[in-house]
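For reference, the structure discussed in these notes is given below.
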Amino acid sequence: MHVLVLVGSLRSNSLNRRLADAALDHLPEGVAATVSDGLADLPHYSQDLDVEPLPRVAAELRAAIGAADALLLVTPEYNGSLPSALKNAIDWASRPRGASAIAGTPAAVLAASGSPRAAQWAREDAVRVLTVAGADVIEDTVGVGSAFDAFVDGRLSDDALDTALRGLVTRLTHEVEAARAA
């Protein structure tokens, strides 16, 4: 099983990258993961660009999502919503309509924010956008609020929050297993 992780913050040591790393530590044995690193180079979606040959980064993203068994979307909250880099990636992955790479892919959403609201609006928007794009999204999300102090040695310092993170990651892998069995 392979999980593709899309991190919406483009900063190298962002809170959301730390959350993604903490989530990856909870993947069951035998589950591999890749963190996509091309979102900063992905051109803004345009039907004018969505022709063969696709821009290299867009083709690579679609191929990576198509090859993944599941998606883990990790989002900061910018101006009350998910960042444009993530929305743009979902837009590219949702095309072509009827044969998109993201259709039917199990997905889960995480978020870290300096705000105590834990990027609630970004998480809600991410679930909605992924659902409209055709992903099979787990509606429960995990948000880490006041995240500047939430990590110690790469792990969440709040045991209940860490348990919730482990639970969501485990549920995502179970969704993949259930889809394979169906």
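With the requirement that a residue be in contact (Cβ under 8 Å) with a residue 24 or more places away in the chain and polar (S, T, N, Q), what does the stretch 144-160 give you?
Within the stretch 144-160, just S146 meets the criteria.
Within the stretch 112-124, count every residue that is outside any loop (DSSP other than H, G, I, E, B) and open to solvent by 20 Å² or more (accessible area, probe 1.4 Å). Steps first, answer last, please.
Residues of the stretch 112-124 that are outside any loop (DSSP other than H, G, I, E, B), as a first pass: 112, 120-124.
Cutting the leftovers down to open to solvent by 20 Å² or more (accessible area, probe 1.4 Å) gives us 120-121, 123-124.
Qualifying residue count, the stretch 112-124: 4.
Scan T163, T141, T170 and give me the residue that is surrounded by fewer than 21 Cβ atoms within 10 Å (Cβ to Cβ), of a type outside the set (D, E, K, R) and without any contact (Cβ under 8 Å) to a residue 40 or more places away in the chain. Step through it out loud before you land on a result.
On the way: T141 fails: surrounded by fewer than 21 Cβ atoms within 10 Å (Cβ to Cβ); T170 fails: without any contact (Cβ under 8 Å) to a residue 40 or more places away in the chain.
Exactly one residue qualifies, and that residue is T163.
The rows are residues; the columns are (1) surrounded by fewer than 18 Cβ atoms within 10 Å (Cβ to Cβ); (2) modelled with pLDDT under 95; (3) under 22 Å from V31 (Cα atoms).
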{"position": "A126", "(1), (2), (3)": "no, no, no"}
{"position": "V132", "(1), (2), (3)": "yes, no, no"}
{"position": "S146", "(1), (2), (3)": "yes, yes, no"}
{"position": "D158", "(1), (2), (3)": "yes, yes, no"}
{"position": "A178", "(1), (2), (3)": "yes, yes, yes"}
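Given the criterion within 16 Å of L72 (Cα to Cα) and charged (D, E, K, R), identify the matching residue among D158, D140, D149. I'd like the intermediate steps shown before the answer.
Numbers: D158 fails: within 16 Å of L72 (Cα to Cα); D149 fails: within 16 Å of L72 (Cα to Cα).
Residue meeting the stated conditions: D140.
The values are calculated or read from the model by the stated rules, or taken from the named source; none is laboratory data. Here the structure is a predicted model, which means the values were calculated and not measured. Every residue, glycine as well, gets a Cβ built from its backbone with ideal geometry; the counts of neighbours run over all protein chains shown. These area figures cover heavy atoms from the full protein model, side chains too; ligands, DNA and RNA do not enter into them. Shrake-Rupley method; radii C 1.70, N 1.55, O 1.52, S 1.80 Å.
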